[in-house]
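Comments concern the structure below.
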Amino acid sequence: MKHASFRAAATTALSLAVLGALIFFLLPKYWVFLITAVFIVGIALQSLGLVTGRTGMISLCQMSFAGVGAWVTGYLNLIGAPGGLAVWMLIGGLAAVPVGIAIGLPALRLRGINLAIVTLGFAAAFDTVLATITFPGQTTFTQVVRPAAFDSDKGYFLFVLLTYGVIAVVLEFVSRSRLGAAWLAVRHSERAAAANGISIPRAKLSAFAISAFISGISGGLLAGYLGTLVSENFSMMQSLALFAVATMAGAHFALGAIAGGMMIVLFPELLRRLNLPQDVGNVLFALGAVQALSTGETIAETWMRLARKLRPKRVVEAATAAGSLPEKTSHPAGIALEVRDLTVRYGTVTALDKVNLKVPAGTVVGLVGPNGAGKSTLVDAIAGFLYRYDGSILLNGKALEGVSATSRSKLGIRRTWQTTRIAPELRVGEYIRLAAGPINESALESLLAWFGCPGPETPISTVDVGTRRLLDVAGAVASRAPVILLDEPAAGVSYDEALKLGERIAAIPETFGSAVLLIEHDMDLVRRACTAITVFDFGRVIAAGAPAAVLDMPVVQKAYMGVEFEEAAE
Amino acid sequence: MDSLFTAAVAGLSAGGAYAILGVCAIFTYRLVAVVNFTGAAIGAAGTFAMVALFELGMPLLLAVLFGVAAGALAGLAIGLVMTTWFAGSNASTKAAVTAALLVGIIAVGLRLTGGQHPHYFPEIIPGSAFRLAGVEVTWAAVTTLVLSVAFTLLTEQFLARTRTGLQLRALSQRPMAAELIGIRVRLLALGVWAVTGGVTAFALMIIAPLRSPDFASLSLLVVPALAAALIGAFSSFRAALIGGVMIGLLEGSVSAIGPVSQYRGAVPFLVILAVLLWSQRGARWDEAR
């Protein structure tokens with residue numbers, strides 16, 4: 001992965017350098033000046049793409065953050081602070097961070113729409129405030145001083161391009177890091193992200209803070225570009241238009257951010273030359289955004305898809321074992337997971353009624369029972385996704401009550417879901433790293449090979465559902481957690497694959513050291529994988545013991561098949 | 001103190017309008033599952049249609065009726081977009097669509113109404129109703145308040161007691177299931193959009209003369225509207241009603257306090273912040289996450 005990050009970053013840097021050189025040497029001064037704005041807007045778009053495109057939270061006040069950065073830059077210019085524009089705009093960006101966090105905080109634990117409302121509210125409030133306090137030096141027409149080395153318009157273009165390049169390259173690294181994967185995971189499913197030990201508030205807040213910082217820098221750059229600023233530069237309408245363009249162009253891609261910047265800057269220029277009113281642009285942006293939202297594909301994604309068609313088709317490569325699997329992790333012996341008198345009620349319905357269950361270290365315990373017996377509720381309770389339950393759950397003898405889902409995952413309880421919840425934008429390797437935390441390249445490769453998964457550079461979106469179920473299990477195993485809860489891992493998997501999966505699951509304790517609680521309807525898989533079985537019906541444990549004996553018990557067969565064995569009993 | 005009271009009462013008519021807008025926002029959210037950022041813009045379209053007709057010499061009453069109809073039509077248009085392309089989308093995508101549409105609507109609206117070009121906004125309900133502790137209470141305030149209360153109660157009763165109301169509730173819970181048992185889902189959804197459009201248009205007509213009356217400012221009244229809806233947690237009409245009126249009163253009071261009077265536009269934002277911080281206490285894992 002490190003290779004891939006460097007390659008992507010180098011590609012970005014190199015293409016920007018070539019593009020910059022072409023613009024700098026070939027275009028007349030007027031166009032260079034105009035295109036400078038493209039890159040400034042591009043930075044603002046990238047900041048929006050980080051929150052909205054990557055993390056899935058709607059932000060409608062991005063230009064207000066830019067306004068904070070610009071205001072601070074203007075103020076530092078006015079008082080003649082040392083360091084010049086480069087330092088001022090960094091301070092401006094930093095000044096926008098607490099504002100971003102303050103706005104992000106109230107929406108942290110709520111759904112994304114609330115953030116849209118609070119950001120729109122902030123944009124409106126910022127408009128009134130800015131109209132009242134005005135920009136520093138606005139009334140005296142004090143120009144923001146550009147850095148001496150980049151004072152001319154062409155020089156300033158280089159300064160902006162350099163800033164854009166640094167931000168784009170850093171973002172390239174961040175987006176391929178575990179943090180970047182966490183953002184995508186949060187956008188796709190917050191619960192699944194928490195089950196992988198990701199702190200949802202931290203992921204959201206970091207996205208918001210970094211985004212505000214970048215946006216603040218774009219504001220500082222704009223201050224140097226225009227010299228003097230007015231509040232209209234950062235009005236709510238600008239934020240809304242930026243949102244529309246980001247949605248249409250796909251601002252979380254480097255390509256989309258540039259394309260969006262070109263639309264915002266060059267479109268009005270085009271309309272002006274055609275003697276058309278410039279606000280037509282906003283109408284087209286709105287329509288474009290609606291179109292992108294309805295197809296679910298941004299302009300950047302469309303281009304990349306078309307470009308991929310031109311390239312020779314890549315075959316999905318299976319992972320090849322580079323080395324041997326690392327040593328199995330040694331966890332404390334004894335009872336790894338214990339459930340004592342667990343009772344869960346949904347209103348008047350009792351989903352689980354004084355359930356007791358033990359998963360000894362080094363074993364695979366099966367949990368079976370008809371639909372609605374309370375199996376998934378048990379997994380939710382153990383993993384910390386239930387708001388309240390009675391009874392207690394112990395990991396290696398320590399009670400977990402009051403511990404959040406994220407913390408339980410970090411302590412060592414991993415779970416999978418009945419339907420796969422892996423963000424399709426990730427690559428196989430990125431997902432395993434997200435689930436596992438720090439893991440070295442050869443361990444990753446050999447783990448994937450052990451499960452028969454595709455190679456780490458394979459995009460999840462090209463992988464079929466059966467394989468994604470395997471990746472779910474592989475991710476949980478890669479974390480080396482003492483306890484792994486598998487919720488119907490074979491659902492949607494073909495019979496042959498299910499048998500293979502059964503063998504793999506049976507081998508998890510001795511290969512990796514984790515104990516497994518396996519929920520499954522496929523009895524062949526259960527027989528193959530489990531050392532003990534517990535049977536649920538209507539929220540109660542009706543049988544427990546060795547697989548063969550338990551599955552032959554009349555009460556179990558009745559629960560599953562509805563067969564009466566009264567005659568046999570008589 | 002006296003001047004504060006006067007100012008608070010002056011905020012009453014705005015508060016009534018916010019309440020209506022807030023109730024409309026909840027109505028849209030509960031029944032067609034859209035957090036609608038274009039709500040006030042739809043109303044602004046109706047309001048400016050009324051002004052244009054009035055400027056052309058149409059009698060006020062008739063112009064108001066046509067304006068309300070124009071608001072309903074504008075709502076219907078947004079509803080068509082939402083039901084045609086986004087019926088199956090998640091709440092976040094739908095909200096993004098309305099936020100994007102807001103940009104376009106404001107651009108078109110500003111163009112058609114001549115930007116900041118001043119229009120004459122007739123006072124639909126002029127005059128003072130009565131004096132309360134020495135403060136004039138206008139008919140506009142009384143009307144928006146009465147209207148907001150009536151609209152809230154009517155909506156509640158309609159949803160709770162009528163057959164269409166029952167169908168609408170079914171629609172809001174599971175559109176697909178509602179469709180399978182033979183409810184005309186799309187028609188009902190469009191009806192919701194049209195009704196909220198018309199009502200919003202009328203509410204904005206009453207308070208437009210009190211505002212900086214350009215298309216963009218009226219459209220951005222969606223902020224206090226959503227703040228009111230948040231107070232009602234996007235489910236309680238009554239809480240939104242009270243919340244909307246409170247925001248109006250608060251804005252009025254703030255504008256009377258010298259040093260902060262210019263910042264009264266920030267009031268809805270602060271209310272949103274406070275409400276969200278408060279409502280986070282009980283946040284827990286739900287199906288949508």
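For A:Asp487, are the conditions met, namely being in contact (Cβ under 8 Å) with a residue 12 or more places away in the chain and under 21 Å from A:Pro554 (Cα atoms)? For A:Asp487, the condition - in contact (Cβ under 8 Å) with a residue 12 or more places away in the chain and under 21 Å from A:Pro554 (Cα atoms) - is not met. Identify the residue in the range A:514-565 that is crowded, with 19+ Cβ neighbours inside 10 Å and out of contact with any helix residue (DSSP H, G or I) (no Cβ under 9 Å at 6 or more places or on another chain) and, among all such residues, is modelled with the highest pLDDT. Checking each candidate, the answer is A:Val541.
Looking at the range B:99-110, can you tell me whether even one residue there is within 14 Å of another protein chain (Cβ to nearest Cβ), among the β-branched types (Val, Ile, Thr) and in contact (Cβ under 8 Å) with a residue 24 or more places away in the chain? Yes, the conditions are met somewhere in the range B:99-110.
Hey, among the residues in the range A:277-294 that are more than 7 Å from chain B (Cβ to nearest Cβ) and at pLDDT below 90, which one's surrounded by the most Cβ atoms within 10 Å (Cβ to Cβ)? Show your work before the answer.
Taking the range A:277-294 first, the residues more than 7 Å from chain B (Cβ to nearest Cβ) are A:278, A:280-281, A:284, A:288, A:291-292.
Next, only the ones that are at pLDDT below 90 stay: A:278, A:280-281.
Working: A:Gln278: 13, A:Val280: 17, A:Gly281: 23.
Among them, the one singled out is A:Gly281.
Looking across the range B:104-161 at every residue that is of a type in the set (Gly, Ala, Ser) and in a helix (DSSP H, G or I), the one that is farthest from the chain's Cα centre (by Cα) is identified as B:Ala160. In this entry, B:Val223 passes the filter for residues that are within 11 Å of chain A (Cβ to nearest Cβ) and in contact with a helix residue (DSSP H, G or I) (Cβ under 9 Å, 6 or more places away or on another chain).
When only residues in the range A:158-198 that are hydroxyl-bearing (Ser, Thr, Tyr) and away from every other protein chain (no Cβ under 14 Å) count, which is surrounded by the most Cβ atoms within 10 Å (Cβ to Cβ)?
Residues of the range A:158-198 hydroxyl-bearing (Ser, Thr, Tyr): A:163-164, A:175, A:177, A:189.
In the following step, the residues that additionally are away from every other protein chain (no Cβ under 14 Å) were identified as A:163-164, A:175, A:177.
Working: A:Thr163: 21, A:Tyr164: 26, A:Ser175: 22, A:Ser177: 16.
By that ranking, first place goes to A:Tyr164.
Is it the case that the range A:218-231 has a residue that's among the hydroxyl-bearing types (Ser, Thr, Tyr), closer than 30 Å to A:Phe385 by Cβ, touching a residue at least 40 places away in the same chain (Cβ under 8 Å) and out of contact with any Gly (no Cβ under 6 Å at 6 or more places or on another chain)? Walk me through how you get there before you give the answer.
Applying the first criterion (among the hydroxyl-bearing types (Ser, Thr, Tyr)) to the range A:218-231 yields A:218, A:225, A:228, A:231.
So of that shortlist, the ones also closer than 30 Å to A:Phe385 by Cβ come out as none.
Scanning the range A:218-231 turns up no residue that is among the hydroxyl-bearing types (Ser, Thr, Tyr), closer than 30 Å to A:Phe385 by Cβ, touching a residue at least 40 places away in the same chain (Cβ under 8 Å) and out of contact with any Gly (no Cβ under 6 Å at 6 or more places or on another chain).
Among the residues making up the range A:529-547, those that are part of a strand (DSSP E or B) and over 13 Å from A:Val364 (Cα atoms) are A:Val535, A:Phe536, A:Asp537, A:Arg540, A:Val541, A:Ile542, A:Ala543, A:Ala544.
Checking each residue in the range A:126-168 for being over 22 Å from A:Leu16 (Cβ atoms), of a type in the set (S, T, N, Q) and part of a helix (DSSP H, G or I) picks out A:Thr128, A:Thr132.
Quick check on my filter: what residues within the range B:43-74 are buried (at least 21 other Cβ atoms within 10 Å of the Cβ) and without any contact (Cβ under 8 Å) to a residue 12 or more places away in the chain? The answer is none; no residue qualifies. The number of residues in the range B:75-96 that are without any contact (Cβ under 8 Å) to a residue 24 or more places away in the chain and either on the phi > 0 side of the Ramachandran plot or assigned to a helix (DSSP H, G or I) (or both) comes to 7.
Where residues in the range A:364-379 are assigned to a loop (DSSP other than H, G, I, E, B) and on the phi < 0 side of the Ramachandran plot, which of them is surrounded by the most Cβ atoms within 10 Å (Cβ to Cβ)?
Here is the first cut: in the range A:364-379, the residues assigned to a loop (DSSP other than H, G, I, E, B) are A:369-374.
Next, from what is left, pick out any that are on the phi < 0 side of the Ramachandran plot: A:370-371, A:373.
Details: A:Pro370: 15, A:Asn371: 7, A:Ala373: 24.
Result: A:Ala373.
Exactly one residue out of A:Phe6, A:Phe24 is in the same structural domain as A:Ser218 (by TED's automatic domain parsing), aromatic (Phe, Trp, Tyr) and more than 27 Å from the chain's Cα centre (by Cα): that is A:Phe24. Taken over the range B:176-191, the criterion of being crowded, with 19+ Cβ neighbours inside 10 Å and over 24 Å from the mean Cα position of the chain (by Cα) is satisfied by B:Ala178 alone. Of everything in the range B:85-98 that is under 23 Å from B:Val199 (Cβ atoms) and among the β-branched types (Val, Ile, Thr), the residue that is farthest from the other protein chains (Cβ to nearest Cβ) is B:Thr98. Looking across B:Thr84, B:Thr38, B:Thr98, one residue alone is surrounded by 24 or more Cβ atoms within 10 Å (Cβ to Cβ) and out of contact with any helix residue (DSSP H, G or I) (no Cβ under 6 Å at 6 or more places or on another chain). It is B:Thr98. Answer yes or no as to whether A:Met248 is farther than 25 Å from A:Val99 by Cα and surrounded by fewer than 22 Cβ atoms within 10 Å (Cβ to Cβ). So A:Met248 does not fit the description; no. When A:Ala17, A:Ala66, A:Ala21 are screened for being in contact (Cβ under 8 Å) with a residue 60 or more places away in the chain, part of a helix (DSSP H, G or I) and either out of contact with any helix residue (DSSP H, G or I) (no Cβ under 9 Å at 6 or more places or on another chain) or over 28 Å from A:Arg272 (Cβ atoms) (or both), only A:Ala17 passes. Take the conditions (1) more than 21 Å from the chain's Cα centre (by Cα); (2) farther than 19 Å from A:Tyr30 by Cα; (3) surrounded by 16 or more Cβ atoms within 10 Å (Cβ to Cβ); (4) within 14 Å of chain B (Cβ to nearest Cβ); A:Ala259 misses just one of them, which is (4). The residue list B:Pro209, B:Pro213 contains one member that is touching a His at 6+ places or on another chain (Cβ under 9 Å), touching a residue at least 60 places away in the same chain (Cβ under 8 Å) and either under 19 Å from B:Leu147 (Cα atoms) or not in a helix (DSSP H, G or I) (or both), which is B:Pro213.
Listed by first and then second residue, the pairs with beta-carbon distance under 7 Å, at least 6 apart or on different chains, first residue in the range A:89-108 and within 13 Å of chain B (Cβ to nearest Cβ), second assigned to a helix (DSSP H, G or I) and among the polar types (S, T, N, Q), are A:Ile103/A:Thr119; A:Pro106/B:Gln280; A:Ala107/A:Asn114. Here A:Phe234 fits the description: of a type in the set (Phe, Trp, Tyr), surrounded by 18 or more Cβ atoms within 10 Å (Cβ to Cβ) and within 26 Å of A:Arg146 (Cβ to Cβ). Output the qualifying pairs, or none if there are none: Cβ atoms under 9 angstrom, residues six or more apart or on different chains, first residue in the range B:136-161 and within 12 Å of B:Val9 (Cα to Cα), second residue acidic (Asp, Glu) and assigned to a helix (DSSP H, G or I). Close Cβ pairs (under 9 Å, with a partner that is acidic (Asp, Glu) and assigned to a helix (DSSP H, G or I)) do not exist here. Hey, does the range A:347-359 have a residue that's of a type outside the set (Asp, Glu), surrounded by 15 or more Cβ atoms within 10 Å (Cβ to Cβ) and touching a Lys or Arg at 6+ places or on another chain (Cβ under 6 Å)? No, the range A:347-359 contains no residue that is of a type outside the set (Asp, Glu), surrounded by 15 or more Cβ atoms within 10 Å (Cβ to Cβ) and touching a Lys or Arg at 6+ places or on another chain (Cβ under 6 Å).
The values are calculated or read from the model by the stated rules, or taken from the named source; none is laboratory data. Values in this document were obtained by computation on a predicted structure and should not be read as measured data. Glycine gets a Cβ as well: all are built from the backbone with ideal geometry, and neighbour counts include every protein chain shown.
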